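Colleague: Quick one: the structure is below, and I'll ask about it shortly.
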Amino acid sequence: MLSILDLPQNVLLVILQLCKVKDLMALSTTCSLLYHLIKDQLLWKKLCFRVLHRYGYMLGLYQSQIGPYGGLLEIRFKAGLIEGVLWEPNADLMEPLKESTAFSIDGSKVPAKCLCIPSIFPHECSLNIDKRNGTITQCCSDYKKHIQALRDANHEGTGYSMKLIFLNDVLGSGLIHRPMILPLPNDIPSELKRMDGSFPRQIITPGLFKGTYSSHGIEILLFKYKDEHEMHGLKVTGDDNVPASKISVKILLGYPADAPLNDKNTISDLSAIEPRSRQVPLDQIPEQAFSVPAGCHVDPGIQIPSRCIARYHGYGQIAYDGFQHPSYIPTQVIIFNNDLLGVIWMKLSAFSVFTRVDQTFTSNIIKTGESYL
């Protein structure tokens, strides 16, 4: 006698799409076949649009507008819920980003139930999406207790306390999350390709990086190509001086820094070097020895490679508190490999290290055509 489990798996998946979320969770415990079928991402995406049609369009990556500090938000589907997860740097640059749940949406409830910080102090919130541009507005029902619960659960110093002050200002009236579509390797300008269609290793693929900013700690940047001449590092998270969404670093690909650099060089030596336009193809820029210039501050505990693939002249943006009197100062940008960069800030006598964020995020459902960053 045939069992329903004898049906083809594609037919079973169609049947499972008709089930409620709570029934799927129960079925997943009955046998290994259903357990693996119910883990199918396509099944959950279809359920997401059926049960949570109002919210399913929100899936993807966003930049949260929390004053100058910003935030990296991923909205994903997990274990029957839509979750809004904030990703933040750890104290150690080489550690993965840490996550915390900002809100969740339970589609098994009628109507769907939206909760702020469900694992700390669950309370209701509303989420509205503008499908024209993909922007999401999050309004909290009890933002004062929300902030206090975050303050009680976290002890991360003055910077975190200041971020909570800005969050308090926007959470009651509406915290804005703007879509952020990550660039792909195909977004590298075609003019930078070799004759065989490949890209030289002297440039990097665009994407998210986390980097050191001295007393401001570690911040998240999106490196992307402006054109074949420049690459920009834009702040996803920011600080009181240069806030989120602003350009932090410009890499001038047409101006490699080819003068030898060793530990006897000083910032003054580097500042005296006049940038010269590139005379050879990118893939002919030679690998070279590297040492952080004498007198240049580097955050402790960070291992700096002794060789680099390429160095470029560039500019870095600095400002006084409140983004007052912003200006660009000369920098040198060091390409150690595709996942590791360094920036020498001449005027500040400082060295920043940037390492790639090595994880996969949920793709944006609504393609607005243009990312906010």
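Bear in mind that the values in this text are calculations on the coordinates, not laboratory data. Just so it is clear, the structure is predicted and the values come from calculations on it, not from any experiment. Cβ atoms come from the backbone with ideal geometry, glycine included; neighbour counts cover every protein chain shown.
Colleague: Quantify how much of the Cα-Cα distance distribution of region 210-283 extends past 21 Å, in percent.
Modeller: Working: 1274 of 2701 pairs.
Value for region 210-283: 47 percent of Cα pairs lie more than 21 Å apart.
Colleague: As a test of the formula, what do you get for the chain when each DSSP H run with n ≥ 4 contributes -39,500 (n - 2.57) and the sum is divided by the residue count, at 222 nm and rounded to the nearest 500 deg cm²/dmol? Mind dumping the intermediate values first?
Modeller: Values: 7 runs with 64 residues, N = 373.
Taken over the chain, the calculation gives -5000 deg cm²/dmol.
Colleague: Past the 14 angstrom mark, what percentage of all C-alpha to C-alpha distances in region 146-234 do you count? It would help to have the intermediate numbers written out before the result.
Modeller: On the way: 2937 of 3916 pairs.
It works out to 75 percent of all Cα pairs.
Colleague: Of Ser271, Ile365, Ser119, whose Cα points farthest to the positive end of the dipole of the chain (charges on the beta-carbon: +1 Lys, Arg; -1 Asp, Glu; origin at the Cα centre)?
Modeller: Ile365
Colleague: Farthest toward the dipole's positive end in the chain, which of Thr135, Cys308, Met180, given Cβ charges of +1 (Lys, Arg) and -1 (Asp, Glu) about the Cα centre?
Modeller: In the chain, that residue is Thr135.
Colleague: Okay, moving on. Please work out, to two decimal places, the log10 of the ratio I(q)/I(0) at q = 0.07, 0.13, 0.15 Å⁻¹ from a Debye calculation in which every Cα of the chain carries one identical scatterer.
Modeller: -0.39, -1.07, -1.27
Colleague: Along the charge dipole of the chain, Cβ charges K/R +1 and D/E -1, which of Thr205, Val280, Gln63 sits furthest on the positive end?
Modeller: Gln63
Colleague: Quick one: dipole size for region 66-119, taken about the Cα centre, charges +1 on Lys/Arg Cβ and -1 on Asp/Glu Cβ, in debye to the nearest 20.
Modeller: Numbers: 5 positive and 7 negative charges, 68 e Å.
Computed about the Cα centre, the dipole is about 320 debye.
Colleague: Percent antiparallel among DSSP beta bridges with both residues in the chain, to the nearest 5? List each step's numbers first, then the result.
Modeller: Numbers: 85 of 88 bridges.
Within the chain, antiparallel bridges account for around 95 percent of the total.
Colleague: Then there is this: Assigning unit charges at the beta carbon (Lys, Arg +1; Asp, Glu -1) and nothing else, what dipole magnitude in debye, to the nearest 20, does region 72-156 show about its Cα centre?
Modeller: Numbers: 10 positive and 12 negative charges, 88 e Å.
For region 72-156, the charge dipole is close to 420 debye.
Colleague: Specify the angular offset, from 0 to 90 degrees and rounded to the nearest 10, of the alpha carbon long axis of helix 157-171 from the longest principal axis of the alpha carbons in the chain.
Modeller: 50
Colleague: Connecting C-alpha atoms closer than 10 Å in a GNM of the chain, tell me which of Ile344, Ile302, Ile203 has the biggest fluctuation.
Modeller: Between Ile344, Ile302, Ile203, it is Ile302 that shows the largest mean-square fluctuation.
Colleague: For region 84-130, max minus min Cα coordinate along each principal axis, in Å, sorted largest first?
Modeller: 43, 27, 16
Colleague: Could you tally up the Lys pairs in region 211-305 with alpha carbons closer than 25 Å? Skip any pair fewer than 8 positions apart unless they're on separate chains.
Modeller: Details: Lys224/Lys235; Lys224/Lys246; Lys224/Lys250; Lys226/Lys235; Lys226/Lys246; Lys226/Lys250; Lys235/Lys246; Lys235/Lys250.
Counting lysine pairs in region 211-305 gives 8.
Colleague: Further question on the same structure: So between Gln324 and Gln359, what do we pick up on full extension, going 0.36 nm a residue minus the alpha carbon distance? Working shown, then result.
Modeller: Details: separation 35, 0.36 × 35 = 12.60 nm, distance 3.48 nm.
Here the segment from Gln324 to Gln359 would lengthen by 9.1 nm.
Colleague: Okay, next question. Could you work out the relative contact order of region 135-228, using alpha carbon pairs under 8 angstrom and six or more residues apart, expressed as a whole percent?
Modeller: Details: 90 pairs, mean separation 24.4, N = 94.
Averaging sequence separation for qualifying contacts and normalising by length gives 26 percent for region 135-228.
Colleague: Using only Cα atoms, what is the ratio of the radius of gyration of region 269-373 to 2.2 N^0.38 Å?
Modeller: Numbers: Rg = 16.9 Å, N = 105, 2.2 N^0.38 = 12.9 Å.
Dividing the Cα Rg of region 269-373 by 2.2 N^0.38 Å gives 1.31.
Colleague: I would also like to ask the following. Are there any trypsin sites (Lys or Arg not before Pro) in region 82-139 that are in a DSSP loop and have at most 11 other Cβ atoms within 10 Å? List them by number.
Modeller: Sites meeting the loop and neighbour criteria: Lys109, Lys131, Arg132.
Colleague: In debye to the nearest 20, how big a dipole does the chain give about its Cα centre with +1 on each Lys and Arg Cβ and -1 on each Asp and Glu Cβ?
Modeller: Values: 36 positive and 36 negative charges, 201 e Å.
Computed about the Cα centre, the dipole is about 960 debye.
Colleague: Assuming a viscosity of 0.692 mPa s and a temperature of 37 °C, what translational diffusion coefficient in µm² per second does Stokes-Einstein assign to region 195-243, Rh being the Kirkwood radius over Cα pairs? If you can, show how the numbers build up before the last one.
Modeller: Numbers: Rh = 12.5 Å.
Here the translational diffusion coefficient equals 263 µm²/s.
Colleague: Using a cut-off of 21 Å between alpha-carbon atoms, which lysines can reach Lys22, once sequence neighbours fewer than 8 places away in the same chain are excluded?
Modeller: Straight-line reach from Lys22, under 21 Å: Lys39, Lys45, Lys46, Lys78, Lys109, Lys113.
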